[in-house]
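The values are calculated or read from the model by the stated rules, or taken from the named source; none is laboratory data. Since the model is a prediction, treat every value here as computed from it, not as a measurement. Note: ideal-geometry Cβ built from the backbone for every residue, glycine included; neighbour counts use all protein chains shown. Please note that ligands, DNA and RNA were not included when accessible areas were found on the heavy atoms of the full protein model with its side chains. Shrake-Rupley method; radii C 1.70, N 1.55, O 1.52, S 1.80 Å.
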Amino acid sequence: MRTLFLSHPRYRDHLAPEHHPEQPERIAAIERQLEGEAFQNLIRDMARPVSDEEIQRVHPAGYVEHIRIQAPHDGLMSISGDTILSNGTYEAARLAAGAACLAVDEVMAGLVDNAFSAARPPGHHASARQAMGFCFFNHAAIAARHAQTAHGAERVAIVDFDVHHGNGTQNIFYSDKTVFYASIHQSHLFPGTGEASETGIDGNILNVPLGAGANGEVVLRAMAEAVLPAVDAFRPDLLVLSAGFDAHYRDPLGDLNLVEADYGVLTRAVMEVADRVCGGRIVSLLEGGYDIDALGLSAAAHVAALMGH
Ligand SMILES: [Zn+2]
């Protein structure tokens, strides 16, 4: 399998206060795990900044500009709760969104089979005009729109296995039946949305909230019995993953009980459906994951599966 891995050194420049979970070393922890022999064949490239046209398919120009001018020259500034801007945030966020588009370009052109973007800040809590939950721009939404506008994809499915509900992604596509959004997450956790009753305009939203303590077996069953049959029936031209690794048992922000190997099993289950419905085309985008070691190991299990190991 030809798997593309995208990252960028500038992600380090999006700073966070001490003890904030979304720390710069998250990306380095993933990169360290991908240094081994098993990852020799990974195709590595650098993110590129998102263009104005690409980002404005999801976020109005005025909102993008608002994020740009809010960033402080020095120090840190809260834009909402613990969503923090530093001087390097805007550039990092534009690279994270651009990486999503670059991954779509390469996968849709058949230059690679699938791709994983290890980027920060994350994206799935960002709505069109609202930054929250450590997120500024919604990379999964930008990727879906890019596939539709630049590559002629008619339908895109976004599958989100972060421990939190991707409220931003759901908001953006709630009334758009060309995009299917499915999320498996811990119920009654931040941001409080993602009830099973939230189904979109045309059944194009699927939420599977799980009780605290659910393990890999429960998550895999939700994936295999609820999410993947719906993805199959939707017949997407591309599958985008909101790949958060904070359902790991060691994660400080969630109370689900996955182990790193579960992410390999989960990924292979998704790939089976992608093979059947969209030529295996998967663009996977990092969302959460806040225990540094667990994040590195879980992302490595995910990437190894994408590579066909
Ligand atoms: Zn999360």
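If only the Cβ of Lys and Arg carry +1 and only the Cβ of Asp and Glu carry -1, the dipole of the chain around its Cα centre is close to 540 debye. At a probe radius of 1.4 angstrom, the accessible area of segment 3-306 per residue rounds to 36 square angstrom. Think of it as helices only: each DSSP H run of n ≥ 4 in the chain is worth -39500 (n - 2.57), and spread over all residues that comes to -11000 deg cm²/dmol at 222 nm. About the centre of its Cα atoms, segment 1-138 shows a dipole size close to 140 debye [charges on the beta carbon of Lys, Arg (+1) and Asp, Glu (-1) only; nearest 20 debye]. Considering only Cα atoms, the convex hull volume of segment 3-306 works out to 107 Å³ per residue.
If you take every DSSP beta bridge whose two residues both sit in the chain, what share of them, in percent to the nearest 5, is antiparallel? Counting only bridges with both partners in the chain, antiparallel ones make up about 10 percent. Placing a label point 7 Å from the Cα of N215 along the Cα-to-Cβ direction, the residues of segment 234-266 whose backbone N falls under 17 Å from that point are 247-251, 255-266. Extension gain for A38-D74 works out to 8.9 nm (0.36 nm per residue, less the C-alpha to C-alpha distance).
Taking a point 7 Å out from the Cα of D82 in the direction of its Cβ, the residues of segment 273-309 whose backbone N falls within less than 15 Å of it are 288-292.
Pull out a ≥ b ≥ c, the square roots of the eigenvalues of the alpha-carbon gyration tensor of segment 1-96, then state rounded if a/c is under 1.5, prolate if not and a/b is larger than b/c, and oblate in the remaining case. In terms of gyration-tensor shape, oblate.
Using heavy atoms of the protein chains and a probe of 1.4 Å, the accessible area assigned to E195 is about 80 Å². Rounded to the nearest Hz, the phi-derived 3J(HN,Hα) couplings of segment 111-117 under the Karplus curve 6.51 cos²θ - 1.76 cosθ + 1.60 (θ = phi - 60°) are 6, 9, 7, 8, 8, 10, 9, where x marks glycine and proline. When the solvent-accessible area of segment 149-240 is split by element, carbon and sulfur atoms take up 50 percent of it, the probe being 1.4 Å.
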